[in-house]
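Before any comments, here is the structure.
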Amino acid sequence: MAKSDAPAAPPAITADRRPGRLESFITQTFAVAAAEVQKLRHDPLELLTRAVQPVLWLMLFGEVMAQVRGVAPGNLPYLDFLSAGILAQSALFVAIFYGISAIWERDLGVLQRYLVSPAPRSALVLGKALSAGVRGLSQAVIVYILALLLGVGIDLNPLSILGVAAAIVLGSGLFATLSLIIACIVKTRERFMGIGQVLTMPIFFASNAIYPLSLMPGWLRAVSHANPLTYEVDILRALMLVKGASDYGLPLDFAVLAAVTAALVAIAAVAYRRMGY
């Protein structure tokens, strides 16, 4: 019998399925964020307790100050003006104490497990920053519902809501990363809580959250220009409200938040590694 003239089958080509650096970095970042978000799912009571503060600010402070004429710029009602600032404040208060979780993780030995993993330190920091953004978004839902009940002119355009969500995630990540840096420096819960409380109110009051820049004295206006919260509030006020407008311009606002966040992540990645020793 004659041999078959059919050509032999080519050898199978095995594709290299190992993920690239970028894919691996993104996967590790989201894995850390998912682990942090699980804590929120197991403690829904935290969401309720976090809702108390914006309720008090909007229903008490906002309703009283709404009777004072000339506080809000233009024809914007003061309650509308305040709602964007309180949204930023709510996210700030959640994020600025985020570093205490790093101290707990170090005391429980969880931090050492993170540090011996192959994940880059920047991925660990970004994962925690992203999870802080998720917590900030939960605050945004509360403030949106409350503002609508109080008759605030909320812009429900999907693109505007996406812009607000991006600003909340970016701003929350920024202050959560700052919080991690502070936790890496002080290393004890008691010192961290003291410094966190000292920082929170100056950051809040030295911004445009509850009064416009035009009412500030010159020195406070200069401090406000250097305050990242001012740019976050500017985004929220422009996108959250039907009558809202930006003082700086949205591209500059987002650029400032992104640049400061990137710088803080780089610092936190170094400090986070040293915290485990």
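The values are calculated or read from the model by the stated rules, or taken from the named source; none is laboratory data. Since the model is a prediction, treat every value here as computed from it, not as a measurement. So basically every Cβ, Gly included, is an ideal-geometry build from the backbone, and we count neighbours across all protein chains shown.
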Condition check for Ala91: of a type outside the set (Ser, Thr, Tyr), in contact with a helix residue (DSSP H, G or I) (Cβ under 7 Å, 6 or more places away or on another chain) and either surrounded by fewer than 19 Cβ atoms within 10 Å (Cβ to Cβ) or modelled with pLDDT under 80 (or both): no
Segments classed as helices (runs of 4 or more DSSP H), wholly inside the stretch 142-233, with at least 2 members that are of a type in the set (Gly, Ala, Ser), surrounded by fewer than 19 Cβ atoms within 10 Å (Cβ to Cβ) and in contact with a helix residue (DSSP H, G or I) (Cβ under 7 Å, 6 or more places away or on another chain): 158-186
Tally of residues being at pLDDT 70 or above and either surrounded by fewer than 17 Cβ atoms within 10 Å (Cβ to Cβ) or over 22 Å from Lys243 (Cα atoms) (or both) across the stretch 34-64: 14
All positions within the stretch 94-132 that are polar (S, T, N, Q) and modelled with pLDDT under 80: Ser101, Gln112, Ser117, Ser122
Check on Val143, at pLDDT 75 or above and closer than 26 Å to Ala258 by Cα: yes
Neighbours by Cβ (under 8 Å, 6+ apart or cross-chain): first from the stretch 188-207, of a type in the set (D, E, K, R); second modelled with pLDDT under 85 and surrounded by 11 or more Cβ atoms within 10 Å (Cβ to Cβ): Arg189/Ile100; Arg189/Ile103; Arg189/Trp104
